[in-house]
1. Quote the FRET efficiency, to the nearest 0.05, computed for HIS31 versus LYS67 with a Förster distance R0 of 22 Å and r equal to the Cβ-Cβ distance.
2. Which far-off residues, 5 or more places away or on another chain, put their amide H under 5 Å from the one on ALA47, with H placed in the peptide plane?
3. Pop the C-beta distance of ASN49 and GLU3 into the FRET formula with R0 = 22 Å and round what comes out to the nearest 0.05.
4. Would you calculate a helix-derived [θ] at 222 nm for the chain, using -39,500 (n - 2.57) for each DSSP H run of n ≥ 4 and dividing by the full residue count, to the nearest 500?
5. Leaving out same-chain residues fewer than 8 places away, which aspartates and glutamates sit with a Cα under 15 Å from that of LYS72?
6. I need the phi-derived Karplus couplings for region 83-100: 6.51 cos²θ - 1.76 cosθ + 1.60, θ = phi - 60°, integer Hz, Gly and Pro marked x.
Amino acid sequence: MREFGTAGPRARTQRNIKSFCAEEVLLEIAHRGIPGYKGAELFVREAENDEMEFITLLRFETLDAVKIFAGKNYEQPVIPPDAKKLLKRHSERSRHYKVVALN
């Protein structure tokens, strides 16, 4: 699993980033046909300082599948330029985990 966080101003972010991510970015990733890609989830919460925070989880079968998606510097978040314009900040590195239990 690949995880990274982002945040942006509440008014602009609430209107734009949820639909942009769900309708464009995540669909584009799914349509790339990356071997080992298993789907994505986008979590959102209202935060302090009039911000919205997002956590994106991308599911991959293996670290090799992550590297196909993200490239050689696979710990660097992959954020499209149009999405980055909407954000105030984002994680400097993506974190990767092995799933050990599902329910």
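Where a number appears in this text, it was derived from the coordinates with a stated rule and is not lab data. Nothing here was measured: the structure is a model prediction, and the numbers come from that model. So basically every Cβ, Gly included, is an ideal-geometry build from the backbone, and we count neighbours across all protein chains shown.
1. With R0 = 22 Å, the Cβ-Cβ based efficiency is 0.70.
2. MET52, GLU53
3. Calculated transfer efficiency: 0.50.
4. Numbers: 4 runs with 29 residues, N = 103.
Value at 222 nm, helices only, nearest 500: -7000 deg cm²/dmol.
5. Within reach: ASP64.
6. 6, 4, 4, 7, 9, 8, 7, 7, 4, 6, 9, 7, 10, 10, 10, 9, 7, 10
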